[in-house]
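Here the structure is laid out as structure tokens; the discussion comes afterwards.
The values are calculated or read from the model by the stated rules, or taken from the named source; none is laboratory data. Being a predicted model, the structure only gives us computed values, none of them experimental. Positions of Cβ are generated from backbone atoms using ideal geometry, with glycine treated the same way; all protein chains shown enter the neighbour counts.
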Amino acid sequence: MNGLPRPPAAFVQSLALLVLLAVAPGIAFAQGRPGGIPDHARAKSYESGWECERGYREANGACAAVRIPANAFPTNTSYGQGWECARGYRDIGDTCAAIKVPAHAFLNSFGDRWECDRGYRNVDESCIAVSVPRNGYLADTAAYGPGWACDRGYRPVNDGCLAVKVPANGYFVASADELGWKCNRGYRPVDETCVAVTVPKNAHLDYSGNGWECSRPYQRRQDQCALP
């Protein structure tokens, strides 16, 4: 042994440390995986490189655990927080708070908010029953309207449904902004009646059907059509 060269002191110290760690209870090595893939990662299926396992995300060439709050699950995405709240919970900062569903309501299909049952509408974060007037019916307008509509032949006036009086040569239209009726083609509204349109010579009914215009090359002069 005297003829052999002595190993460097640094090598001897490193070797002793490895032996100590190998036999010491409760101590584990944090070693990388073959192929340069860090812990908690896997090789990509369709291209070269690696990607972090679910619940981890890349940070400085390694995979760091995502801090997931209670009532949440990992999304395995490189953007955002890396987690989303479970159904019935809402993201509030770094936590997931339970959604308080009021009476006569239900969670929507995404589970991140609530909607009122049919026949109810949202008023100050509560679901209030829709009051349907006589000659009306429930309609899917509770989110942006009264939640009801009038039967055919009636039109909404204030909080009720008023019968529409359709004159002769007219027809009913479902409209809250007008009288609830229009005149047939060839007639025009006068007060609450429909009067026949008088079409002069060299003219024809216009696009609306409730007035007239001159045929080419004639031009309108008062109630007649004349050549220019």
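Values computed for the structure shown
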| quantity | calculated |
| --- | --- |
| Count of segment 105-117 residues which are in contact (Cβ under 8 Å) with a residue 24 or more places away in the chain and more than 22 Å from Ala86 (Cα to Cα) | 0 |
| Count - residues of segment 85-104 that are part of a strand (DSSP E or B) and surrounded by fewer than 17 Cβ atoms within 10 Å (Cβ to Cβ) | 6 |
| Answer residue from segment 132-169, given it is assigned to a strand (DSSP E or B) and touching a Ser or Thr at 6+ places or on another chain (Cβ under 8 Å) and is nearest to Glu192 (Cα to Cα) among those | Arg155 |
| Index of the failed condition, Asn122 passing every other in (1) in a loop (DSSP other than H, G, I, E, B); (2) within 30 Å of Lys100 (Cβ to Cβ) | (1) |
| Condition met for Gly170 (modelled with pLDDT of 90 or more and at positive phi) | no |
| Test: Val66 is within 30 Å of Gly180 (Cα to Cα), touching a Gly at 6+ places or on another chain (Cβ under 7 Å), without any contact (Cβ under 8 Å) to a residue 24 or more places away in the chain and among the β-branched types (Val, Ile, Thr) | no |
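Conditions (1) closer than 30 Å to Leu138 by Cβ; (2) surrounded by fewer than 16 Cβ atoms within 10 Å (Cβ to Cβ); (3) modelled with pLDDT under 90, marked per residue:
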| site | (1), (2), (3) |
| --- | --- |
| Ala163 | yes, yes, no |
| Ala176 | yes, yes, yes |
| Asn184 | no, yes, no |
| Tyr187 | no, no, no |
| Cys194 | no, no, no |
